[in-house]
Structures are given as C-alpha cells and as structure tokens.
Amino acid sequence: MDIEKLIKEKGYIDQETPKGEDLVNAIRDLCREKNAIILAHSYERDEVQDIADFTGDSLALSQEAAKTNADIIVFAGVHFMAETAKILSPDKKVLLPDLNAACSLADSCPADEFKKFIKENPGRTVISYVNTSAEVKAMSDIICTSSNAVKIVESLPENEKIIFAPDKNLGNYVKSLTGRDMLIWPGSCHVHRQFSVERIVELKKQNPDAKIIAHPECEEPVRIMADFIGSTSQLIRFTSSDKGNKYIIATEPGVIHQMKLNDPEKIFIPAPGHDATCACSECEFMKMITLEKIYNSLKYEKPEIILDKNLLKKASRSIERMMEISGK
Ligand code: 13P
Ligand code: SF4
C-alpha cells in the first residue's frame, strides 16, 4: 500500500484511527514518542489549534520552526508554510498532513511568469510575501510576512526601486504607508477579496459600537473602513489589549478561536462576504488539516516535505535576510 499516494490523493485516514478523546491522547503520545511538535496557523480548525504546541501567524511559525529542538515538525497550515519550515530547518523532518493544502495567493504567482516579470523590470529589489512557492522565494532578495512587510520595505534605502509580489492588496497597503517606488504583482487571495463593503456597512449600522479589524490582504475599500489592520497575530493581540468589546473581523474566522480564548466575554462577528449563502471567508485549504490526518501523518511520518538541495539553499537566503531584519 502506497500510503503517501493515498494521503496525497484522498487525505488518508486508516481504519485504526482512534476517535474523540482517544485520538487527542494518541496524537500526544506519538508526539512524545517521536519528539515531534505541532505548529498550527491561527486559521486552522479550533481542535487543531487546541492540540498544537504553538499557534501563530506565518512569521511567528517560521521563527518557531527555526528554533525548535524537535526531530519532527508537523505543520498544521498550508503548503508554502510547511515548505518555509523545511527551508529554515533542513535537517528536520517536516510533515504536512494533507499535501492538497495549497494557497490561492501563492498559486497566483507561477514561478516561470514571475521570472519573466523580474527580467522585464531590471534594477529592482525583489521582495516576496511568504505566501509563495520555494521557486519564487529562490528568485527573491528578501521575504516578508504581513506582520513585518512595512519594516522590511523600510529597511531598504529610500531611493531603492522594489518589485513586490504576489499580493496586490498587501503591496498597495505597504506602498501607501511607506511611499516607496513599488512595482506590484497583481495577485490576491480568494478569501480576502470576497468581503462585501456594503454588507459590512450594514453590519456596522446594526452594531455601531463594533470596531472593524482587517488583514492587509483585504481589498482597499475594506482596509479604509478598518479601525485596525494587522497580521493574524496582530489582530489577536489587538482584540485582547483593546478596551472595546465588539469586533467585526475581516479575515479568515479561524482567528476568532484565540480571540475568544483570550476574552470569552467579548463579541466577535465574522465580516460578511458578497455571497450570503456560503461560508466563503473560510480558507478551505487551512481547514483540510484535521486531527485524524495529523494522527496518520505522525504514525506513518508522511507526507513529508522534500525539497531539492539547491532550491532549498537559494530560497533560504531570502528568508534568512527577512529573519535578520525582523529578528529570529
Ligand atoms: P499571516 O501573515 O497573518 O499569518 O497571514 C497568512 C495568510 O495566509 C493570510 O491569509
Ligand atoms: Fe492562502 Fe488566502 Fe488561505 Fe491565506 S487565506 S492561506 S492567503 S488562500
């Protein structure tokens, strides 16, 4: 039986997979036995966040992956995040419980087209968002995340010309704050571009005491309405330190789990999308990771992130540069 093929094609779950509390205990036992840690992004399912050793945004997860002493990292997130963990910890085994967990934003910047774009626009420093493939990272000078993008851009001399990829919304947000010469790749995330300004305005009318908070991947009209803009960890920190008690959340609603754990008495309302009939603000890729898949991934130590050595070396330069500017 080719477990890796099965996991890849179907998100393999074997018949002996325990259920309920037994499943949680079995995952904990496997982690102890194999010296493994589970890192989870804050968009993951609540129960996945609860079992993780560490939850956070993409920068915090990269920092954690770089410093862990574990032999195995189980990444509860999407493919580019697990790939980044592998680049930062090449000697460790990095597992992604479902290899189908992709990212529409990373996919909006294919490596061959990006290579052409760089060639057509010479003399610019290439800053890429962490939501990119290892190939795109290898073509980039510096990587950034949503929490350090402004800092990374501002670390360059004022007259330096920049290519920024792949998110046009984050790119335009950073450009508006820094005033830098930035040529921006026209990519975006399907989750963050579907929020409806009209329906958010309606919601705000019904809840005038609510603050609107948004991820910088949101479109400009949503960002303009926001009382606070930040990465997922920055949004979570904002609601826990802010004096208010009601928030409209314009990002993937997985973040509400940590917000509620911090402040059970506060009210968190997911921002509505254009389509009132679907839960379109959920990132289906993030939600592909389940406890059952984490258990099977730990048990079989598959599917594993494997990267070509040369590619890994090239991609690590731009990530290391980010870590130096941003702090490890
Ligand atoms: P963070 O940098 O806030 O973790 O965001 C990553 C992401 O995928 C947002 O959609
Ligand atoms: Fe990618 Fe968007 Fe999902 Fe974030 S929310 S992982 S950018 S598809």
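Identify the residue in segment 130-177 that is of a type in the set (S, T, N, Q) and away from ligand 2 (no atom under 14 Å from the Cβ) and, among all such residues, is farthest from residue 320 (Cα to Cα).
The initial filter retains those residues of segment 130-177 that are of a type in the set (S, T, N, Q), namely 131-133, 140, 145-148, 155, 159, 169, 172, 176.
Those left that are additionally away from ligand 2 (no atom under 14 Å from the Cβ): 140, 148, 155, 159, 172, 176.
Working: 140: 12, 148: 14, 155: 14, 159: 23, 172: 24, 176: 26 Å.
The qualifying residue farthest from residue 320 (Cα to Cα) is 176.
Condition test on residue 272, is it within 25 Å of residue 38 (Cα to Cα) and touching a Lys or Arg at 6+ places or on another chain (Cβ under 7 Å)? Spell out the reasoning first.
Values: within 25 Å of residue 38 (Cα to Cα): no; touching a Lys or Arg at 6+ places or on another chain (Cβ under 7 Å): yes.
No; evaluated as a whole, the condition is false for this residue.
From the residues in segment 60-80 that are among the hydrophobic types (A, V, I, L, M, F, W, C) and surrounded by fewer than 24 Cβ atoms within 10 Å (Cβ to Cβ), which one is nearest to ligand 2 (Cβ to nearest atom)?
Narrowing segment 60-80 to residues among the hydrophobic types (A, V, I, L, M, F, W, C): 60-61, 65-66, 70, 72-76, 78, 80.
Checking the rest, the ones that are also surrounded by fewer than 24 Cβ atoms within 10 Å (Cβ to Cβ) come to 60, 66, 70, 72, 80.
Working: 60: 15, 66: 20, 70: 23, 72: 23, 80: 8 Å.
Restricting to residues being among the hydrophobic types (A, V, I, L, M, F, W, C) and surrounded by fewer than 24 Cβ atoms within 10 Å (Cβ to Cβ), the top hit is 80.
Do the conditions hold for residue 142, that is, is it within 20 Å of residue 310 (Cβ to Cβ) and crowded, with 21+ Cβ neighbours inside 10 Å?
Numbers: within 20 Å of residue 310 (Cβ to Cβ): yes; crowded, with 21+ Cβ neighbours inside 10 Å: yes.
Here the answer is yes, as residue 142 does meet what is asked.
Anything in segment 270-285 that is touching a helix residue (DSSP H, G or I) at 6+ places or on another chain (Cβ under 9 Å) and over 22 Å from residue 210 (Cα atoms)? List them, or say none. Break it down stepwise before answering.
So the first thing to find is which residues in segment 270-285 are touching a helix residue (DSSP H, G or I) at 6+ places or on another chain (Cβ under 9 Å), and the list is 270-274, 276, 283, 285.
Matches in segment 270-285: 283, 285.
Just checking, how many residues over segment 287-315 are part of a helix (DSSP H, G or I) and either crowded, with 21+ Cβ neighbours inside 10 Å or away from ligand 2 (no atom under 16 Å from the Cβ) (or both)? Working first, answer last.
Filtering segment 287-315 down to residues part of a helix (DSSP H, G or I) leaves 287-288, 291-300, 309-315.
Next, only the ones that are either crowded, with 21+ Cβ neighbours inside 10 Å or away from ligand 2 (no atom under 16 Å from the Cβ) (or both) stay: 291-300, 309-315.
Matching residues across segment 287-315 total 17.
Given the structure, is residue 256 closer than 22 Å to residue 61 by Cβ, of a type in the set (A, V, I, L, M) and within 13 Å of ligand 1 (Cβ to nearest atom)? Break it down stepwise before answering.
Numbers: closer than 22 Å to residue 61 by Cβ: yes; of a type in the set (A, V, I, L, M): yes; within 13 Å of ligand 1 (Cβ to nearest atom): no.
Criteria not met by residue 256.
Results for (1) farther than 20 Å from residue 280 by Cα; (2) modelled with pLDDT of 95 or more; (3) within 14 Å of ligand 2 (Cβ to nearest atom), shown as yes or no for each residue.
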position: 212; (1), (2), (3): no, yes, no
position: 218; (1), (2), (3): no, yes, yes
position: 221; (1), (2), (3): no, yes, no
position: 224; (1), (2), (3): yes, yes, no
position: 230; (1), (2), (3): yes, yes, no
position: 242; (1), (2), (3): yes, yes, no
position: 250; (1), (2), (3): no, yes, yes
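Which residues, taken from segment 12-49, are without any contact (Cβ under 8 Å) to a residue 24 or more places away in the chain and assigned to a helix (DSSP H, G or I)?
Step one: of segment 12-49, the residues without any contact (Cβ under 8 Å) to a residue 24 or more places away in the chain are 15-16, 19-22, 25, 28-29, 32-33.
Matches in segment 12-49: 20, 21, 22, 25, 28, 29, 32, 33.
Checking the structure you have, find out if any residue of segment 96-116 is more than 16 Å from ligand 2 (Cβ to nearest atom) and touching a strand residue (DSSP E or B) at 6+ places or on another chain (Cβ under 6 Å).
no
Could you please find all residues in segment 161-195 being touching a helix residue (DSSP H, G or I) at 6+ places or on another chain (Cβ under 9 Å) and part of a loop (DSSP other than H, G, I, E, B)?
Going residue by residue through segment 161-195, those that are touching a helix residue (DSSP H, G or I) at 6+ places or on another chain (Cβ under 9 Å) are 162-167, 169-178, 180-193, 195.
If the condition is that a residue be touching a helix residue (DSSP H, G or I) at 6+ places or on another chain (Cβ under 9 Å) and part of a loop (DSSP other than H, G, I, E, B), then 166, 180, 181, 185, 186, 188, 189, 190, 191, 192, 193 are the ones that fit.
Residues that are part of a strand (DSSP E or B), out of contact with any Leu (no Cβ under 6 Å at 6 or more places or on another chain) and farther than 30 Å from residue 120 by Cα: does segment 212-221 have at least one? Even if it seems obvious, please write down each step before you answer.
To start, the set of residues in segment 212-221 that are part of a strand (DSSP E or B) comprises 212-214.
If we keep only those that are out of contact with any Leu (no Cβ under 6 Å at 6 or more places or on another chain) too, we end up with 212, 214.
So of that shortlist, the ones also farther than 30 Å from residue 120 by Cα come out as 212, 214.
Within segment 212-221, one or more residues are part of a strand (DSSP E or B), out of contact with any Leu (no Cβ under 6 Å at 6 or more places or on another chain) and farther than 30 Å from residue 120 by Cα.
Under 30 Å from residue 89 (Cα atoms), within 16 Å of ligand 1 (Cβ to nearest atom), surrounded by fewer than 17 Cβ atoms within 10 Å (Cβ to Cβ) and free of Cβ contacts under 8 Å to residues at least 60 places away in the same chain, is that true of residue 284?
yes
The values are calculated or read from the model by the stated rules, or taken from the named source; none is laboratory data. Treat the numbers as computed from the prediction; the structure is a model and nothing was measured. FYI the Cβ positions are ideal-geometry reconstructions off the backbone, even for glycines, and counts take in every protein chain you see.
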